[in-house]
Amino acid sequence: MQRAERKEAAQASDASEVAVAWPLVPTRPPEGVAESDWTDWGWQMRHRIRDVASLREWIDPTPDEEQAIEALARRFRFVITPYYASLMSRTDPDCPIRRQVVPRMDELGDRAGLSDPLGEVAHSPVKNVIRVYPDRIAFCVNNECALYCRYCLRKRMVGDEEWTMQKRELERALEWIAATPAIRDVLLTGGDPLVFSDARLEWLLERLRAIPHVELIRLGTRLPVTLPFRVTEALCAMLERFHPIWVNTHFNHPRELTADAARACDRLLRAGIPVGNQSVLLRGINDSLPVMQGLCETLVRMRVRPYYVYQAQLLEGTAHFRVPIEDGIELFRRMRGRTSGFAIPQYVLDTPHGKVPLDHPFAKGREGDDFVVETWDGAIWREPNPR
Ligand SMILES: *Cc1c(COP(=O)(O)O)cnc(C)c1O
Ligand code: SF4
């Protein structure tokens, strides 16, 4: 009981954080930066924040953050786009945007975490192809992202030279896909496939489309969130030639929903590309009902479908982000019936055998000729269902 009360209190204080401005507001360049530079993705990539000195232009780092940037420099790269940095609170170290990208000493105090909890390396038939299902694969086409998320599942490879995907290696993976007719669905991931130039991505899509058994091509990209100016009209016109293309992006918090991000999603949608969203459930960032519901409802207003929310993996340096699974199940149970059905994502646990849905057990089971279920508002319903 006491625990339940504490939870309610925590959620009440979170509610003030949710406030999503609608219509969504665009970001503004800082003084001295032209609008045309700010909205140019090349400019954003060249001006990324990589050290404490440039971080200070955006926030007042705490001693803990400064120490962590020093201590972690070589283990997991610290990189932030100016666009994403402009969403951070200057003064609040618990800002949900800041916590996703600025290192903390907590990352060094995690004893349980592993470097490859899903055994992805073991599930690679060819370098950078991960296969856990018979019919579909995750194809890590590069190891570059616009910025590096502190809880990243692919920490072991992003930004690391050893994993850089040379064209020759891409060719080898494409040959494997061409020689494996069971593969009908190819998910391009990384890293982030949209860090590629239009020309390189076009080359890759042409090669994939030349394989007759590849029915579906999906892109997993966080650039609509971290660098929305990457989604240009030219990119969308190119992608459109390779339909069916689906995109999944990765918003974690309502504060990431800016007019710039909404425009990026709208451009993809106008090119006929269905856009879904995958989040990671992160403690103190999006594990409360107002935040998660605010995120999902606003995504739906943007016509972006909440698809999956991942349980954070047992990954090194991420203990401070993990939520007990029971609390995650309860969070999504509480959304059921209280918002549009398609605003409710599937909460999943990724395992070396694939994704497992983590659902509240609404179906209670059989009692004689009845099948007993729990309804969203907690009532018990007996559905006559003789066998
Ligand atoms: C998530 C994932 C997929 C795609 O799974 P869906 O449930 O179809 O979205 C495919 N391969 C791997 C390795 C994955 O992790
Ligand atoms: S964008 Fe995705 S792959 Fe890149 S660092 Fe973030 S979570 Fe990892």
Q. Only one of (1) more than 16 Å from ligand 1 (Cβ to nearest atom); (2) assigned to a loop (DSSP other than H, G, I, E, B) fails for residue 273. Which number is that?
A. (1)
Q) For segment 172-184, which residues satisfy the criterion of being surrounded by fewer than 19 Cβ atoms within 10 Å (Cβ to Cβ) and closer than 15 Å to residue 140 by Cβ? A) 172, 176
**Q.** Members of segment 299-317 found to be open to solvent by 40 Å² or more (accessible area, probe 1.4 Å) and either modelled with pLDDT under 95 or basic (Lys, Arg) (or both), listed by number
**A.** 301, 303, 305, 314, 316
Q) Any chance segment 221-242 includes a residue that's touching a His at 6+ places or on another chain (Cβ under 8 Å), within 16 Å of ligand 1 (Cβ to nearest atom) and open to solvent by 10 Å² or more (accessible area, probe 1.4 Å)? A) yes
(Q) Restricting to segment 82-126, and then to whatever is within 16 Å of ligand 1 (Cβ to nearest atom) and surrounded by 15 or more Cβ atoms within 10 Å (Cβ to Cβ), can you tell me which residue is farthest from residue 173 (Cα to Cα)? (A) 117
Q. Which residues, counting only those in segment 185-212, are in a loop (DSSP other than H, G, I, E, B), more than 12 Å from ligand 2 (Cβ to nearest atom) and surrounded by 14 or more Cβ atoms within 10 Å (Cβ to Cβ)?
A. 196, 211
**Q.** Hits in segment 259-279 - residues which are under 15 Å from the mean Cα position of the chain (by Cα) and open to solvent by less than 20 Å² (accessible area, probe 1.4 Å)
**A.** 261, 265, 275, 276, 277, 279
Q.
Looking at segment 323-370 only, could you name the residues that are out of contact with any Asp or Glu (no Cβ under 7 Å at 6 or more places or on another chain), small (Gly, Ala, Ser) and either more than 16 Å from ligand 1 (Cβ to nearest atom) or in a loop (DSSP other than H, G, I, E, B) (or both)?
A. 328, 340, 341, 363, 365, 368
Q | Residues (modelled with pLDDT under 95, over 25 Å from residue 178 (Cα atoms) and touching a strand residue (DSSP E or B) at 6+ places or on another chain (Cβ under 8 Å)) located in segment 97-147 | A | 113, 114, 115, 117, 118
Q. Condition test on residue 130, is it within 16 Å of ligand 1 (Cβ to nearest atom) and open to solvent by less than 10 Å² (accessible area, probe 1.4 Å)?
A. no
Q.
Checking the conditions here, which among 17, 65, 57 is in a helix (DSSP H, G or I) and at pLDDT 95 or above?
A. 65
(Q) Looking at segment 147-156, can you tell me whether even one residue there is more than 16 Å from ligand 2 (Cβ to nearest atom) and surrounded by 14 or more Cβ atoms within 10 Å (Cβ to Cβ)? (A) no
(Q) Out of 194, 204, I need the residue that is in contact (Cβ under 8 Å) with a residue 60 or more places away in the chain, away from ligand 1 (no atom under 14 Å from the Cβ) and under 20 Å from residue 45 (Cβ atoms). Which one? (A) 204
Q: Report yes if some residue within segment 366-387 is under 25 Å from residue 138 (Cα atoms) and in contact with a Gly (Cβ under 9 Å, 6 or more places away or on another chain); otherwise report no.
A: no
Q | Test: residue 256 is touching a residue at least 24 places away in the same chain (Cβ under 8 Å) and open to solvent by 40 Å² or more (accessible area, probe 1.4 Å) | A | no
Q: Name every residue in segment 157-184 that is part of a loop (DSSP other than H, G, I, E, B) and more than 16 Å from ligand 2 (Cβ to nearest atom), in order of residue number.
A: 166, 179, 180, 181, 182, 183, 184
Q.
Filter segment 121-147 down to the residues that are in a loop (DSSP other than H, G, I, E, B) and in contact with a His (Cβ under 8 Å, 6 or more places away or on another chain) and list them by number.
A. 131, 132
Q) From the residues in segment 152-188 that are in contact with a Phe, Trp or Tyr (Cβ under 7 Å, 6 or more places away or on another chain) and within 16 Å of ligand 1 (Cβ to nearest atom), which one is farthest from residue 286 (Cα to Cα)? A) 173
Q) Is there any pair with a first residue in segment 132-143 that is over 10 Å from residue 187 (Cβ atoms) and a second that is of a type in the set (A, V, I, L, M, F, W, C) and near ligand 1 (Cβ under 9 Å from one of its atoms) whose Cβ atoms are under 9 Å apart and which are 6 or more apart or on different chains, and what are they? A) 132/118; 132/138
Q | residue 72 vs. criteria among the hydrophobic types (A, V, I, L, M, F, W, C) and buried (at least 21 other Cβ atoms within 10 Å of the Cβ) | A | no
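The values are calculated or read from the model by the stated rules, or taken from the named source; none is laboratory data. Note that the coordinates shown come from a computational prediction; the quantities given were computed from them, not determined experimentally. Ideal geometry is used to build each Cβ from the backbone, glycine not excepted, and the neighbour counts take in all protein chains shown. Heavy atoms of the whole protein, side chains included, go into the accessibility calculation; ligands, DNA and RNA do not. Shrake-Rupley method; radii C 1.70, N 1.55, O 1.52, S 1.80 Å.
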